[in-house]
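Trainee: Sending over a structure as structure tokens; questions will come in a sec.
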Amino acid sequence: MKSRRVADLLQSTETGIDVFLKGWVRTRRGNKQIAFIAINDGSIIHSIQVVAEIEKFGDELMKSITTGACIAVKGKLVASQGQGQSVEIQAGSIEVLGGADETYPLQKKGHSLEFLREIAHLRPRTNTFGAVLRMRHHMTFAIHKYFNDRGFFNLHSPIITGSDAEGAGEMFQVTTLDFDKLPRNPDGTINYKEDFFGKATNLTVSGQLEGELGAMALGLVYTFGPTFRAENSNTPRHLAEFWMIEPEMAFYNLKDNMDLAEDFLKFLISYALEHCKDDLEFLTNLYDKELLNRLQSVVSQDFKRLTYTEAVEVLSSSNKKFEFPVSWGTDLQKEHENYLVDHFKRPVILSDYPKEIKSFYMKQNEDGKTVRAMDILFPWIGEIIGGSQREENFEKLQARIKEMKIHEEELWWYLETRKYGTCEHSGFGLGFERLMLFVTGMTNIRDVIPFPRTPKNAEF
Ligand code: 4AD
Ligand code: MG
């Protein structure tokens, strides 16, 4: 007999049939005669109840059916007498595939999220992480579906690169050089010609620059891959390794870019509401009673759009005492972003930031002071998307690269897109884990990725 999954069995309208099931024991209760064993196999948040008569199986076997053990059960699927489930299994035979003794750390329910981070190798077996990981999968699928349905092509950008796409210098170096015997140039600097790639390389901070090469050929592309930032930010919203979705569109201006980004986010949240009902209900009940309402409200309203300059006016004319004072030209802090989202009571798209606080590749406005950047700010999360219209003019882009003292020789290939068949184009980056924070209602980014990488933390 082929084994079936819990999700499938719980939906079954057919009872009185023989079934076969494999999974992990979540809880076991009962008395001397009968055991009620809750089995979960990860296919759905719910467990299925197996009813076993102790006399039938003997003490030896029954003793090894403990929390965390992996078991295989053959039995009859019957309508349940108990509350909380429509069907249960009357066990005919039970085999313990893998035992778990009393040292299994997930004995009881209700461990703190901090404790679960210390046992990240086992936390996927909890209801919370099961829900989060299933939702990560559904969101991944929704992202590919959104773009595929709209004629975008998935472009695989490299993970090892020789350039700094954001020009922020927060990169992890990739090398095979021996640190004890570093090859040196006559002037004492390291001779990277001896390194694996014959040059200095690092893990990518963004797939955008390669995305732009793709857009100049395929028109509409998106990347979806891991990105790495060696910024020492120990916050609930920063990871050193995170996943980013970066669409890049030929012939799109900043307005087109904002329209796409807003539609994309609304699609993803609607998708979660429709396809992750059980998991969302669980997370809402356990962690955040407002979660479903918040998701609904983002889908049903237009995002508020204003320029950076207008936002600074709103912030300056507010009575709120900010820790960091606001003035035109400074980067907005978390507290300012929060204020704006609260003030307008919906997500906010800010555009046209001062060029000094944004990356070299953004299109310069006529005023000489601002660039066609846009950030989307979400309740609690702050920045969820960052994007821009790109500078497509060769001379202007080159001048900006020089002005910002970026190594032009590393970017010769990027500059050539502006030399051969350049055109208006735009794109943005969505931080996948920031999206996951929003849709799951979790409050620490370490809890929406299976194995988080943060400063001083790469255990699992
Ligand atoms: O604003 P960022 O730095 O933009 C870019 O990298 C552009 N190349 C995107 C583009 O235009 N194609 O990053 C984009 C998003 C942020 O809005 C945020 O959601 C997320 O990536 N992000 C992080 N997420 C988790 N941990 C970090 N350390 C993050 N840094 C950025
Ligand atoms: Mg940004």
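The values are calculated or read from the model by the stated rules, or taken from the named source; none is laboratory data. It should be emphasised that the depicted structure is a prediction, and the values quoted were computed from it without experimental measurement. Note: ideal-geometry Cβ built from the backbone for every residue, glycine included; neighbour counts use all protein chains shown. Just so you know, the surface numbers come from the protein's heavy atoms only, side chains and all, with ligands and any DNA or RNA stripped out. Shrake-Rupley method; radii C 1.70, N 1.55, O 1.52, S 1.80 Å.
Trainee: Tell me the label-point distance for the pair residue 323, residue 160, using the 7 Å Cα-to-Cβ offset, in nm and rounded to one decimal.
Mentor: The answer from the label model is 4.0 nm.
Trainee: Here's something else I'd like to know. Send over the semi-axes of the range 391-460's equivalent ellipsoid, whole angstrom and largest first, taken as the square roots of 5 times the C-alpha gyration tensor eigenvalues. It would help to have the intermediate numbers written out before the result.
Mentor: Working: eigenvalues 286, 58, 21 Å².
In descending order, the three semi-axes are 38, 17, 10 Å.
Trainee: How big is the dipole moment of the chain about its Cα centre under a simple scheme where the beta carbon of each Lys and Arg is +1, that of each Asp and Glu is -1, and everything else is neutral? Debye, nearest 20, please. Kindly include the intermediate steps, with their values, before the conclusion.
Mentor: On the way: 55 positive and 65 negative charges, 262 e Å.
Result for the chain is approximately 1260 debye, rounded to the nearest 20.
Trainee: Starting at 0 and stepping by 10 Å, how many percent of the alpha carbon pairs of the range 316-451 end up in each bin?
Mentor: Calculated over all Cα pairs of the range 316-451, the distribution is 11, 33, 30, 21, 5, 0 percent.
Trainee: Further question on the same structure: Express in nm, to one decimal, how much length is gained between residue 20 and residue 190 on full extension, taking 0.36 nm for each residue of separation and deducting their alpha carbon distance. Before the final figure, lay out the partial values.
Mentor: Details: separation 170, 0.36 × 170 = 61.20 nm, distance 6.23 nm.
In short, 55.0 nm is gained.
Trainee: Which one, 36, 10, 71, projects farthest toward the positive side of the charge dipole computed for the chain from Cβ point charges (K/R +1, D/E -1)?
Mentor: Ranked along the dipole, the leading option is 36.
Trainee: Just to check I understand the Karplus step: with θ = phi - 60° and J = 6.51 cos²θ - 1.76 cosθ + 1.60, what whole-Hz values come out for the range 243-252, glycine and proline as x?
Mentor: Those phi angles translate into 9, 10, 10, 10, x, 9, 10, 5, 6, 9 Hz.
Trainee: Report, for the chain, the % of DSSP beta bridges that are antiparallel, rounded to 5. Mind dumping the intermediate values first?
Mentor: Details: 69 of 79 bridges.
Counting DSSP beta bridges with both partners in the chain, the antiparallel share is about 85 percent.
Trainee: While we're on this one: Express in % the proportion of alpha carbon pairs of the chain at distances exceeding 37 Å.
Mentor: Details: 41821 of 105570 pairs.
Tail fraction, whole percent: 40.
Trainee: What FRET efficiency comes out for the pair residue 457/residue 79, r = Cβ-Cβ distance, R0 = 56 Å, nearest 0.05? The partial results should precede the final answer.
Mentor: Values: r = 48 Å, r/R0 = 0.86.
Efficiency, rounded to the nearest 0.05: 0.70.
Trainee: Which order do the peptides 300-306, 68-74, 340-346, 242-248 take when ranked by the mean count of other beta-carbon atoms within 10 Å per residue, highest first? Can you show the working numbers first?
Mentor: Numbers: 300-306: 14.4, 68-74: 18.9, 340-346: 16.0, 242-248: 24.9.
Order by mean packing, descending: 242-248, 68-74, 340-346, 300-306.
Trainee: Give me the aspartates and glutamates in straight-line cross-link reach of residue 321: C-alpha distance below 18 Å, same-chain residues under 8 apart excluded.
Mentor: Cross-link targets: 313, 331, 335, 337, 342.
Trainee: In whole percent, and with a 1.4 Å probe on the protein chains, what portion of the accessible area of the range 60-193 is carbon and sulfur? Can you show the working numbers first?
Mentor: Values: 3990 of 7500 Å².
After summing per-atom areas, the C and S share lands at 53 percent.
Trainee: Further question on the same structure: Go through 63/109; 266/345; 76/109; 2/76; 363/402 and tell me which ones have a Cα-Cα distance over 22 Å in this structure. Let's see the in-between values first.
Mentor: Details: 63/109 20 Å; 266/345 16 Å; 76/109 28 Å; 2/76 14 Å; 363/402 15 Å.
Exceeds cut-off: 76/109.
Trainee: Using 7 Å Cα-to-Cβ label points, what is the residue 56/residue 302 separation (nm, one decimal)?
Mentor: 6.4 nm
Trainee: For residue 289, list the aspartates and glutamates whose Cα falls under 15 Å from its own Cα; do not include residues on the same chain fewer than 8 positions away.
Mentor: Hits, sequence-local ones excluded: 278, 279, 281.
Trainee: Under 20 Å from the Cα of residue 419, which aspartates and glutamates turn up, not counting those fewer than eight places away in the same chain?
Mentor: Result set, ordered by chain and number: 210, 212, 248, 391, 392, 395, 403, 408, 409, 410.
Trainee: Placing +1 on the Cβ of each Lys and Arg and -1 on the Cβ of each Asp and Glu in the chain, which of 185, 311, 284 has its Cα farthest towards the positive end of the resulting dipole?
Mentor: 284
Trainee: For the range 2-9, in order, what is each residue's ³J(HN,Hα) by Karplus, 6.51 cos²θ - 1.76 cosθ + 1.60 with θ = phi - 60°, in whole Hz (x at glycine and Pro)?
Mentor: My calculation for the range 2-9 gives 7, 6, 10, 9, 4, 4, 6, 5 Hz in order.
Trainee: Quick one: go through the range 330-349 and flag any residue whose amide nitrogen is under 13 Å from the point 7 Å out along the Cα-to-Cβ line of residue 310.
Mentor: So the set is 344, 348-349.
Trainee: Something else: From the backbone phi of the range 189-204, what are the Karplus-calculated ³J(HN,Hα) couplings (6.51 cos²θ - 1.76 cosθ + 1.60, θ = phi - 60°) in whole Hz, Gly and Pro given as x?
Mentor: Running phi through 6.51 cos²θ - 1.76 cosθ + 1.60 with θ = phi - 60° gives 6, 6, 8, 6, 4, 7, 7, 3, 8, x, 7, 6, 10, 8, 6, 5 Hz.
Trainee: Please sort 98-105, 209-216, 358-365 by packing, taking for each peptide the average over its residues of neighbouring beta carbons within 10 angstrom, highest first.
Mentor: Working: 98-105: 12.2, 209-216: 22.4, 358-365: 20.9.
Top to bottom by mean Cβ count within 10 Å: 209-216, 358-365, 98-105.
Trainee: In Å², what does the accessible area per residue of the chain work out to with a 1.4 Å probe? Don't jump to the answer; show the numbers that get you there.
Mentor: Values: 22510 Å² over 460 residues.
Roughly 49 Å² per residue, with all protein chains present.
Trainee: I would also like to ask the following. List the residue ranges in the chain for DSSP H helices whose C-alpha atoms run 30 angstrom or more along the long axis and whose Kyte-Doolittle average is 0.0 or above. Show your work: numbers first, answer last.
Mentor: On the way: long enough: 127-149 (32 Å, -0.34); 254-275 (31 Å, 0.02).
Sorted by number, the helices that extend far enough and score high enough are 254-275.
Trainee: Work out how much length residue 423 to residue 153 would gain on full extension: take 0.36 nm times their residue separation and subtract the Cα-Cα distance, in nm to one decimal.
Mentor: Values: separation 270, 0.36 × 270 = 97.20 nm, distance 1.88 nm.
Extra length from residue 423 to residue 153 when fully extended: 95.3 nm.
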